[in-house]
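Asker: Please read through the structure below; I'll follow up with questions.
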């Protein structure tokens with residue numbers, strides 16, 4: 001029987017980024033394991049039990065960790081070894097991860113463990129599933145991962161909870177995990193051989209953040225084409241640089257897609273056609289080269305999606321258990337370099353969307369470049385008394401500058417750990433966190449551009465707008481009134497941004513007109 005839309009069965013199909021985002025953001029989706037997955041988990045577990053029983057040497061099962069790899073652990077101390085691992089590694093700091101990030105990480109850890117190469121007991125994985133299905137939100141500090149061996153500190157904080165030793169967030173406050181487990185009828189887990197290592201040795205947090213980043217970046221990219229169209233019309237630009245024949249001569253797919261999106265939105269604009277005079281030779285780069293910049297971002301996001309999709313459906317702990325050969329093989333799948341590079345790449349792509357956006361904003365406010373718009377988009381008779389959108393551009397400029405700092409690549413840094421046993425690390429979680437902050441900043445920048453473009457169009461005549469852009473303009477006006485006299489603008493920003501951030505504006509446009517690419 002096919003699962004309902006409120007159920008996700010691990011093992012039925014590879015997880016998509018959309019699966020991760022749905023579980024991260026919607027608690028009504030219940031997670032379970034397929035029968036085949038359960039069998040694979042049990043086969044791998046038997047290998048671990050045999051290693052312990054036969055007292056074979058296997059990293060992290062009958063030895064210590066990191067620099068202690070050659071320190072043999074007696075059978076009597078195997079459980080203590082795993083418990084100590086989680087306790088000692090739970091030393092994160094800083095503000096704690098949002099609930100959606102923690103839920104994404106839990107799902108990805110479950111999926112990674114479900115392939116049957118981790119040697120963990122079925123009941124331990126089911127205890128992680130309980131966290132999702134009961135809506136339990138573990139307290140996990142956001143800082144402290146070097147990205148190899150995976151997300152050790154964040155995952156250890158998470159795994160303390162299923163042991164009944166950590167903390168959870170309830171109504172914004174930290175509470176003892178044991179109390180919350182008991183109230184939900186959940187027994188704490190006592191870890192056995194290899195299980196602590198399987199739980200905290202992997203890339204689940206950086207991958208969880210990466211999934212949310214890719215999903216939001218795609219939403220941002222498509223929404224930005226809507227806003228670009230609005231600004232092009234508000235600045236009375238030309239569509240010449242968006243014609244299909246132009247982009248066939250340099251056929252980068254993202255560039256083609258952006259040009260098509262904007263052309264489809266504005267093809268029936270009377271404003272564009274009335275200003276498209278012979279003497280209007282070409283627009284400035286922030287308009288004319290927008291397909292090249294927006295398009296490069298689209299292509300970058302598409303590449304990052306492929307990397308993240310592979311990582312979501314990978315086993316990332318160490319050692320790997322091969323049940324067909326009864327072997328435990330030490331390897332390096334916990335190393336976050338693929339994600340670290342991808343997240344740094346995404347950071348640069350999204351930062352550039354904000355960069356060119358701020359330039360269009362500056363153009364709309366400058367009477368020397370705005371094709372007849374009043375200074376700072378405020379009525380010329382009251383300019384000076386009113387500042388209009390002057391300082392809104394300052395805010396965008398500040399965010400653009402901050403993004404340039406955040407876009408500094410994390411992957412090129414490495415600080416050796418564990419007495420040089422772990423002598424190269426990825427800082428993949430840092431890269432993912434930085435990308436997430438840039439995405440949030442650029443949603444602000446885009447929203448400010450949308451506010452300005454809607455204001456610019458008051459002076460062009462909304463009745464002359466293209467049908468598609470007029471629809472967008474009217475959605476903006478539901479939240480943000482025409483700016484006649486100065487008012488508190490941060491409230492406008494806070495009202496409008498969620499409509500872009502949630503996808504409400506993009507989805508409404510696509511439902512009424514056509515899909516953007």
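Asker: Since residue 216 meets every condition but one in (1) part of a helix (DSSP H, G or I); (2) at pLDDT below 95; (3) not assigned by TED's automatic domain parsing to the domain that holds residue 76, which condition does it not meet?
Answerer: (2)
Asker: On to the next question. For the range 384-398, enumerate the residues that are in a helix (DSSP H, G or I) and either in contact (Cβ under 8 Å) with a residue 12 or more places away in the chain or under 22 Å from residue 335 (Cβ atoms) (or both).
Answerer: Going residue by residue through the range 384-398, those that are in a helix (DSSP H, G or I) are 390-398.
Passing the criteria: 390, 391, 392, 393, 395, 396, 397.
Asker: Out of the residues in the range 279-336 that are within 17 Å of the chain's Cα centre (by Cα) and in a loop (DSSP other than H, G, I, E, B), state the one that is nearest to residue 147 (Cα to Cα).
Answerer: Taking the range 279-336 and keeping what is within 17 Å of the chain's Cα centre (by Cα), we get 297-313, 336.
With the extra rule that they be in a loop (DSSP other than H, G, I, E, B), the set shrinks to 313, 336.
Values: 313: 18, 336: 5 Å.
The residue in question is 336.
Asker: Ok, one more. Filtering the range 327-346 down to residues that are under 30 Å from residue 290 (Cβ atoms) and in contact (Cβ under 8 Å) with a residue 60 or more places away in the chain, which residue is surrounded by the fewest Cβ atoms within 10 Å (Cβ to Cβ)? Please lay out each step first, then the result.
Answerer: Initial filter on the range 327-346 (under 30 Å from residue 290 (Cβ atoms)): 339-346.
Okay, now just the ones that are also in contact (Cβ under 8 Å) with a residue 60 or more places away in the chain, so 339-344, 346.
On the way: 339: 27, 340: 28, 341: 19, 342: 29, 343: 33, 344: 24, 346: 30.
Among those that are under 30 Å from residue 290 (Cβ atoms) and in contact (Cβ under 8 Å) with a residue 60 or more places away in the chain, it is 341.
Asker: Suppose we keep only residues that are surrounded by fewer than 20 Cβ atoms within 10 Å (Cβ to Cβ) and modelled with pLDDT of 95 or more within the range 275-304. Which one would you say is nearest to residue 359 (Cα to Cα)? Steps first, please.
Answerer: Just the residues of the range 275-304 that are surrounded by fewer than 20 Cβ atoms within 10 Å (Cβ to Cβ), to begin with: 275-282, 284-285, 288-289, 292, 296, 299, 302-303.
Now narrow it down to the ones that are modelled with pLDDT of 95 or more: 285, 288-289, 292, 296, 299, 302-303.
Numbers: 285: 9, 288: 12, 289: 12, 292: 15, 296: 17, 299: 22, 302: 25, 303: 26 Å.
So the residue we want is 285.
Asker: Filter the range 40-55 for residues that are free of Cβ contacts under 8 Å to residues at least 40 places away in the same chain and either under 34 Å from the mean Cα position of the chain (by Cα) or outside any helix (DSSP H, G or I) (or both) and give the result. Before you say what the answer is, go through the steps one by one.
Answerer: Taking the range 40-55 and keeping what is free of Cβ contacts under 8 Å to residues at least 40 places away in the same chain, we get 53-55.
Once the filter is applied, which keeps residues that are free of Cβ contacts under 8 Å to residues at least 40 places away in the same chain and either under 34 Å from the mean Cα position of the chain (by Cα) or outside any helix (DSSP H, G or I) (or both), the range 40-55 yields 54, 55.
Asker: Considering only the range 251-269, I want to know if a residue exists there that is free of Cβ contacts under 8 Å to residues at least 12 places away in the same chain, farther than 20 Å from residue 500 by Cα and not in a helix (DSSP H, G or I).
Answerer: Checked the range 251-269: at least one residue is free of Cβ contacts under 8 Å to residues at least 12 places away in the same chain, farther than 20 Å from residue 500 by Cα and not in a helix (DSSP H, G or I).
Asker: Regarding residue 371, is this residue on the phi > 0 side of the Ramachandran plot, more than 16 Å from the chain's Cα centre (by Cα) and in contact (Cβ under 8 Å) with a residue 24 or more places away in the chain?
Answerer: Numbers: on the phi > 0 side of the Ramachandran plot: yes; more than 16 Å from the chain's Cα centre (by Cα): yes; in contact (Cβ under 8 Å) with a residue 24 or more places away in the chain: yes.
Against the criterion (on the phi > 0 side of the Ramachandran plot, more than 16 Å from the chain's Cα centre (by Cα) and in contact (Cβ under 8 Å) with a residue 24 or more places away in the chain), residue 371 qualifies.
Asker: Considering only the range 399-414, state which residues are assigned to a helix (DSSP H, G or I) and within 21 Å of residue 447 (Cα to Cα). Step through it out loud before you land on a result.
Answerer: Here is the first cut: in the range 399-414, the residues assigned to a helix (DSSP H, G or I) are 399-406.
Result: 399, 400, 401, 402, 403, 404, 406.
Asker: Additional query: Is it the case that some residue within the range 308-326 is surrounded by fewer than 17 Cβ atoms within 10 Å (Cβ to Cβ), without any contact (Cβ under 8 Å) to a residue 60 or more places away in the chain and not assigned by TED's automatic domain parsing to the domain that holds residue 466?
Answerer: yes
Asker: Let me ask something else. If we scan the range 347-355, do we find a residue that is more than 15 Å from the chain's Cα centre (by Cα), surrounded by 22 or more Cβ atoms within 10 Å (Cβ to Cβ) and under 30 Å from residue 450 (Cα atoms)?
Answerer: Within the range 347-355, the first condition is being more than 15 Å from the chain's Cα centre (by Cα), and the residues that meet it are 352-355.
Within this subset, residues satisfying the condition of being surrounded by 22 or more Cβ atoms within 10 Å (Cβ to Cβ) are 353-354.
Those left that are additionally under 30 Å from residue 450 (Cα atoms): 353-354.
Checked against the condition, which is being more than 15 Å from the chain's Cα centre (by Cα), surrounded by 22 or more Cβ atoms within 10 Å (Cβ to Cβ) and under 30 Å from residue 450 (Cα atoms), the range 347-355 yields at least one hit.
The values are calculated or read from the model by the stated rules, or taken from the named source; none is laboratory data. Values in this document were obtained by computation on a predicted structure and should not be read as measured data. FYI the Cβ positions are ideal-geometry reconstructions off the backbone, even for glycines, and counts take in every protein chain you see.
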